[in-house]
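Please read the structure below before turning to the comments.
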Amino acid sequence: MGNCIDCGECIRVCPQGAIKAITTGSDPSKLSRYTIISASPVLYAQFGEEVMPNEVLLALRKRFKYIYDQAYIHELYNVAVELHIKENRGKEGAVRPLISPICPVVNRLIGYRFPSLVKNIIPIVTPREIAARELKRRLYCDRVFNTTEFGVYHITPCSAKMVSINDPMFLKASYLDGALGINEVYELIARNLRDLEEDIILHRSSGVGIGWGVSGGEIAGLEDGSFLAVSGLSETIRYLEKIEMGLFESIEYFEFRACLEGCIGGPLTVADRYQAKRTVAKLVRMFGQEKRLKYAQAKKAYQDGWFFSESRKISVAAKHHKLSLSDALARQEKIEEVFRRLPGKECGLCGSPDCRTFAEDVADGQVDEGRCILLNLEKK
């Protein structure tokens, strides 16, 4: 179909650097008057092994007054998944394997290409959305701000988070107001790290929450069971194909990440992913592998439905149905017709990663052929 799943690979490979991720951080004027920041733990791995998570959060606090350690919610999420898996074990005709909903690229990939597996995605709200939801509820109840004055923003390694905020698959609407790329706040944090005087404790999580930055970090926080972690888009597709064929029913839960080595390999990160992986490993050892929460409270929250989404809107699969054979052939002929007219310079000026992709977008009616600048010049 040629549909974009917002994996960000085009951002990485474009030789001209013509493709950029559009986040709220791209235009700071769009930020709310009072900005609340919830940061992915991947941020902690960007500044080397000697910089502690609390220092990173304090450096952020010099620019944004209200900072939240999202890694703590990851630990709560692990408890919810453990309980859901245990419930699933005892059900007749239970869906297996269950699939993590954390990676928005994987969710959209399943919606487009593997719609029969949408039911396998676990119906638990992601930690970034839970954090935003609870921060808003707390501020509203405490009457700290007028609801129109503040916004909750996620610092992310992933270009797809903005799409999941604007058009969430499993929520009626996102609780987040926007996202900032790690690359957009990196210099700010690095500069503020040189002059830290406050001793406020903002970091609350153990190594369990921090470990989510790397592939396998999510399932590392789960109790004994049959779990697998897969990273990289090509490997993810290969395993989803096998799941669709019924080859992994012995596995209870899959942690998929579209980026190699997990979220530390995201297109909006700054640090080398292998150095970041080493930093995460050190932080996990330092802060321990026991969750810093009250299990009984987390279990009660699960039983009360605190973790579950109120909607299972699968807009992606519905919007992009499979073409009939005749329509598919007609589409392919249209693509070839457009492609033959293009200059073939692979310049990226149109916003597409290459001429073939641009031809597909034209054939699908997503862009106009006149968007090709070089083609217009040739006509003139």
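Could you state the number of Å between the C-alpha centres of segment 1-45 and segment 156-208?
11 Å
Tell me the mean residue ellipticity at 222 nm calculated for the chain from its helices only (DSSP H runs of n ≥ 4, each -39500 (n - 2.57), averaged over every residue, nearest 500).
The per-residue figure over the chain is -12000 deg cm²/dmol.
By per-residue mean of other Cβ atoms within 10 Å, what is the highest-first order of 163-172, 36-45?
36-45, 163-172
Can you pick out the pairs among Lys161/Lys294; Lys30/Lys161; Lys172/Lys291; Lys30/Lys136 whose Cα atoms lie more than 20 Å from each other?
Long pairs (Cα-Cα over 20 Å): Lys161/Lys294; Lys172/Lys291.
Starting from the amide H of Ser206, placed 1.01 Å from N in the peptide plane, find each other amide H under 5 Å away whose residue is 5 or more places distant or on another chain.
Arg292
Work from the charge dipole of the chain (Cβ charges, +1 for Lys and Arg, -1 for Asp and Glu, about the Cα centre) and give the residue of Asn376, Pro168, Pro97 farthest towards its positive end.
Checked the options; the winner is Pro168.
Taking amide H atoms as placed 1.01 Å from N in the peptide plane, list the residues 5 or more away in sequence, or in a different chain, whose amide H sits under 5 Å from that of Gly178.
Those lying under 5 Å, H to H, from Gly178 are His154.
Exposure proxy check: Asp354, Asp69 ranked by fewest other beta carbons within 10 Å?
Lowest to highest Cβ neighbour count: Asp354, Asp69.
Measure nothing but the geometry: give the 0 to 90° angle between the long axis through the Cα atoms of 273-287 and the longest principal axis through the Cα atoms of the chain, rounded to 10°.
That works out to roughly 20 degrees.
Starting at the first residue of segment 176-193, write each ³J(HN,Hα) from the Karplus equation 6.51 cos²θ - 1.76 cosθ + 1.60 with θ = phi - 60°, in whole Hz, x for Gly and Pro.
Here the 3J(HN,Hα) series is 7, 9, x, 9, 10, x, 4, 5, 7, 10, 4, 5, 4, 5, 4, 5, 6, 5 Hz.
At a Förster radius of 56 Å, what calculated FRET efficiency corresponds to the Cβ-Cβ distance of Glu369 and Glu149, to the nearest 0.05?
Here the calculated transfer efficiency is 0.80.
If you count the DSSP beta bridges with both ends in segment 9-319, what percent of them are antiparallel, to the nearest 5?
Around 5 percent of the beta bridges assigned by DSSP in segment 9-319 are antiparallel ones.
Of (1) 62, 24, 16; (2) 35, 27, 19; (3) 30, 25, 22, which is the value of semi-axes √(5λ) of the Cα gyration tensor in Å derived from the coordinates here?
(2)
Scan around Leu98 for amide H atoms under 5 Å from its own, H built in the peptide plane at 1.01 Å from N, and keep only partners 5 or more places away or cross-chain.
Tyr253, Phe254
Values quoted throughout were computed directly from the atomic coordinates according to the rules given, and no laboratory measurement underlies them. Bear in mind that the values here come from a model prediction, so they are computed numbers and not experimental data. For neighbour counting, all protein chains shown are included, and Cβ atoms are generated from backbone atoms with ideal geometry for every residue, glycine included.
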